[in-house]
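Undergrad: The structure follows.
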Amino acid sequence: MNVKYISTLVLLTFFYGCSSQVKIDNPNIPKLLITQAPFSVAIKYPDNFNNFLHEEKVIGKKSWQVDFSNSNRLLFNEIFQSFFEQVSVLENSEDNIYENFNFTIMPSIDAIEFSVPEQSQDETFSVWIRYRVKIFDFTGMEIINWPISAYGKTSTTTFSDDKDLANAAILAMRDAAALIVLQLEKTNKLSPSTQQVKIK
Amino acid sequence: MKNTPISKEKTLYQYKLIALFTILTLSLSSCVTARIEDNRIGSTGLEEGEGVVILAKSYHLGNDTETDFIKCVSSSISKGASRIRVVPTNKFKDLLFPWFEPRTVPSDTKSLTTLMARKQVSDIFRNQNLRYIIWLDGNTDSSGGGGSMSCAVGPNGGGCFGFAWWQNDSNYEATIWDVQDIKNEGNISAEFSGTSFMPAIVIPIPLFARTQAKACKGLSDQLKIFIAG
């Protein structure tokens, strides 16, 4: 009995030492301090935004699993609700989704990478997230296709590896918000003259 | 075996010895050499109720200032005789999101002027009664170690034998911007270095050169003097 108990404990310790899981429930993205644009937009999220999981094995070391759950959805909701006057999230695929809104936005994730202190040889965790933001006008024509390369970095704290990696990922998400706002403010493709649909 | 009063006394004595040894070990630290310089450009001062915020320069510019160090300086200058009101860094960043993120943070006073032209941004500065932004740059490094130490454990106990040392260098710079006039008022640089030792005869005794903690204290004290004018 004792032998079984000890071997289970040893095995559990072994597996715990080989992988680490980080969960980001809510990145707590604050309201953006910007002037709202007078448009009605729809956001269409890919299915994986409800439960996004990223797994990476550090060569020769343990593997890391980052569970973003629905935090990317919360991030984009906050960005676009701060930037546009009217925002609707489309839950089901529908035909003719474009014609009821000034713009329809489709964000997605192209790639995620991270580095841990064992790789970077310094006391930092870094996270790179490459989002893609596509914006369609009311006819369904793609007017914007931006790659958004976001970066977050945190220094290590004692016994908090998982939390440090999660914080670096949250910083990358905040960086994405900053980049998207800069791009949205700069573009001339979202001018009222190009639109025929008015806010209902 | 039943505990007799003598064995109880003996155990208590052993606990006291361990506690004394732990306190002694923690309180021991090796020497640190320090240099603090300030370079004043303009005149400073704080009106009643005015406050400051402490931020790290962007890591996009290659800065690696530790979060703990920013917390330490914020905490130190908000305590003591000539304490200064400090707006918490995270609260400030959230209020002004996304304008003080590493990518968007103003890198010079000209960029701050552009940012302050946004009414929502200048309103937050006014509502928070913020007078100065203190930018921190720099970090603490460990380098140039040497020595050797070996430890062993046997059926009758264990122990270590050897000697190891390493160098700790803390180099930080604080730059002070006046938000009211939007100008750089000057900067303070702090260089603290020391060598940490760890001799071991059965038990390793760490003698840390606490350069970061001392740099935090030194820089905070100098910041209080600088801002007071």
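Undergrad: Does the stretch A:82-96 contain any residue that is in a helix (DSSP H, G or I) and over 16 Å from A:Lys134 (Cα atoms)? Don't jump to the end; show me each part of the working.
TA: As a first pass, look at the stretch A:82-96 and keep what is in a helix (DSSP H, G or I): A:82-83.
Filter once more, keeping what is over 16 Å from A:Lys134 (Cα atoms): A:82.
Scanning the stretch A:82-96 turns up at least one residue that is in a helix (DSSP H, G or I) and over 16 Å from A:Lys134 (Cα atoms).
Undergrad: Kindly indicate whether A:Phe125 is in a strand (DSSP E or B), within 14 Å of another protein chain (Cβ to nearest Cβ) and either under 21 Å from the mean Cα position of the chain (by Cα) or over 30 Å from A:Thr139 (Cβ atoms) (or both).
TA: yes
Undergrad: Can you report the number of residues in the stretch A:28-66 which are among the acidic types (Asp, Glu) and surrounded by 13 or more Cβ atoms within 10 Å (Cβ to Cβ)?
TA: Qualifying residue count for the region: 1.
Undergrad: Inspect all residues belonging to the stretch B:126-145 and state whether any of them is open to solvent by 70 Å² or more (accessible area, probe 1.4 Å), hydroxyl-bearing (Ser, Thr, Tyr), touching a residue at least 12 places away in the same chain (Cβ under 8 Å) and more than 14 Å from chain A (Cβ to nearest Cβ).
TA: Checking the stretch B:126-145: not a single residue is open to solvent by 70 Å² or more (accessible area, probe 1.4 Å), hydroxyl-bearing (Ser, Thr, Tyr), touching a residue at least 12 places away in the same chain (Cβ under 8 Å) and more than 14 Å from chain A (Cβ to nearest Cβ).
Undergrad: Another one. Can you name the residue in the stretch A:128-165 that is part of a strand (DSSP E or B) and within 12 Å of chain B (Cβ to nearest Cβ) and is also most open to solvent (accessible area, probe 1.4 Å) among such residues?
TA: Among those residues, the one meeting the criterion is A:Ser149.
Undergrad: Kindly establish whether B:Lys71 is without any contact (Cβ under 8 Å) to a residue 60 or more places away in the chain and within 20 Å of B:Ala213 (Cβ to Cβ).
TA: yes
Undergrad: So which of A:Glu113, A:Glu78, A:Glu118, A:Glu55 ends up being charged (D, E, K, R) and within 27 Å of A:Ile34 (Cβ to Cβ)?
TA: Result of the check over A:Glu113, A:Glu78, A:Glu118, A:Glu55: A:Glu78.
Undergrad: What number goes with the only condition from (1) among the aliphatic types (A, V, I, L, M); (2) over 14 Å from A:Ser40 (Cα atoms); (3) more than 14 Å from every other protein chain (Cβ to nearest Cβ); (4) surrounded by 16 or more Cβ atoms within 10 Å (Cβ to Cβ) that A:Ile97 does not pass?
TA: (2)
Undergrad: Still on this model: Within 13 Å of chain A (Cβ to nearest Cβ) and hydrophobic (A, V, I, L, M, F, W, C): does that describe B:Ala56? Write out each step before concluding.
TA: Values: within 13 Å of chain A (Cβ to nearest Cβ): yes; hydrophobic (A, V, I, L, M, F, W, C): yes.
The answer is yes for B:Ala56.
Undergrad: Counting only residues that are in a loop (DSSP other than H, G, I, E, B) and within 14 Å of chain A (Cβ to nearest Cβ), which one in the stretch B:108-125 is most open to solvent (accessible area, probe 1.4 Å)?
TA: Among those residues, the one meeting the criterion is B:Ala117.
The values are calculated or read from the model by the stated rules, or taken from the named source; none is laboratory data. Note that this is a predicted model, so its numbers are computed, not measured. Reconstructed Cβ throughout: ideal geometry from the backbone, glycine too, with neighbour counts over all protein chains shown. To get the accessible areas, we keep the full protein, side chains included, count just its heavy atoms, and leave off ligands, DNA and RNA. Shrake-Rupley method; radii C 1.70, N 1.55, O 1.52, S 1.80 Å.
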